[in-house]
1. So, taking all protein chains as they sit and a 1.4 Å probe, how much accessible area belongs to Tyr151, in Å² rounded to tens?
2. Could you tell me which residue out of Pro138, Tyr376, Pro104 lies farthest along the dipole of the chain toward its positive end? Charges go on the beta carbon: Lys and Arg +1, Asp and Glu -1, centred on the Cα centre.
3. Hey, got the dipole for the chain? About the Cα centre, +1 on K and R Cβ, -1 on D and E Cβ, debye to the nearest 20?
4. Just to verify a number: what accessible area does Thr352 come out at with the full protein assembly present, 1.4 Å probe, Å² rounded to tens?
5. How much solvent-accessible surface does Trp24 expose, in Å² to the nearest 10, with a 1.4 Å probe and all protein chains in place?
6. Out of all Cα-Cα pairs in segment 81-146, roughly what percent, to the nearest whole number, are more than 14 Å apart?
7. Rolling a 1.4 angstrom probe over the protein heavy atoms, how many square angstrom per residue are accessible across the chain?
8. Could you work out [θ]222 nm for the chain from helices alone, using -39500 (n - 2.57) per DSSP H run of at least four and dividing by all its residues? Round to the nearest 500 deg cm²/dmol.
Amino acid sequence: MLSNYYKGSYHLNNHSLPNDILYWLAATHLHGIGPITFHHWLTLFGNIKTLFSATPSDLATAGLTADQIHLLQNPDWHTAEKNLAWCEKNACHLLTIADTHYPPLLREIAAAPLLLYIRGDITLLHQPQLAIVGSRNPTASGKELAHYFAYTLAKAGLHITSGLALGIDAASHRGALSASGKTVAVFGTGLNQIYPASHRKLAQVIAANGALLSEFSPFEPPKAAHFPQRNRIISGLSLGVLVVEAAIQSGSLITARYANEQGREVFAIPGSIHNPLARGCHHLIRQGAKLVETIEDIVEELSALQAVTAPIKTITKAKKHVTLAPPLRALLAHIGYEITALDTIIVRSGLTASEVSSMLLSLELQGLIKTTLGGYQLTNR
């Protein structure tokens, strides 16, 4: 029996909830029953109320097992009510897959979540998104690339979607925010369980300038199996997925695989053959992902989908021409985009350490190189 708390209609954050919302909340707590199975049951019974109200005989005739029938006949109303109360208290939207506000691209995927918990602007979920994902332990260059691409693509009219993880995810969210753009963070936990905890402040900023989203109930803690499951939502919400840095065994490659299966575009930034975090991207490129060197590589691909609202020329900065004295130009030729150690530069140039140090300072002040852990690198300037 449905408890007395269920009164038929709810309003959260000016969004009217259907009078069957507790059925949907209960559906997400049927142990061992995934979205695909539940979608099939809904097809058989027409709607969720009819499904939960069906007799054991009707359920058995439809092919449900005795254990499945027991679950439907004894749903966890207490947890459903607890989750609804949390949403009412914490400005959280609830969207069922039957709701017109449900993200249309996400609805298309296999195993689309039955229910979404969202804090922030739900209208973003109907607008063009690009996912940016990558390593939790990226190089400094990888973080800079993620921030730059997120910033520039946000300026081009795309909302940036990622998973709030350390590394590339966080750099992508921050890049979009620094462009005064919008970003969506998809949780592998419940929305009451910020993970990692060090991103609590970042999550608050995203909630105010984008959206936090999860298919898990608010109090669900982090579990290893949740994050690959979360990745199908990151790709499912988006027109495409950009992988910045990823090892060959990486959750980012799982996201890219989902994107392929869902018919989304997959983009990958190549890197040094000596960088283990480039191997995942190289693998994707060999599998057919589009190699990305510039913002235009992504914008051109997505423009056919009318995803970009601003022309690329409004976000591309003209490169400043720098005239170098011959000795500085010669030294610059000894420095690569990979980290080049000071000793290596001295050996390659044949100059003294004092001469090299003075010239490196001049090149750095002109923005042509940057100091990194272990040496120097060319910039993209």
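1. 80
2. My answer, from the dipole projection, is Tyr376.
3. Working: 29 positive and 25 negative charges, 171 e Å.
Magnitude of the dipole: close to 820 debye.
4. 70
5. 10
6. Numbers: 1460 of 2145 pairs.
Counting pairs separated by more than 14 Å, the tail of P(r) holds 68 percent.
7. Values: 17990 Å² over 381 residues.
Per-residue value: 47 Å².
8. Working: 17 runs with 158 residues, N = 381.
Result for the chain: -12000 deg cm²/dmol, rounded to the nearest 500.
The values are calculated or read from the model by the stated rules, or taken from the named source; none is laboratory data. The structure presented is a predicted model; accordingly, all values stated were derived computationally and were not measured. Heads up, the Cβs are rebuilt from the backbone with ideal geometry, glycines too, and the neighbour counts pull from every protein chain shown. Each accessible area value is taken on the protein alone, full model and side chains, heavy atoms only, with ligands, DNA and RNA left out. Shrake-Rupley method; radii C 1.70, N 1.55, O 1.52, S 1.80 Å.
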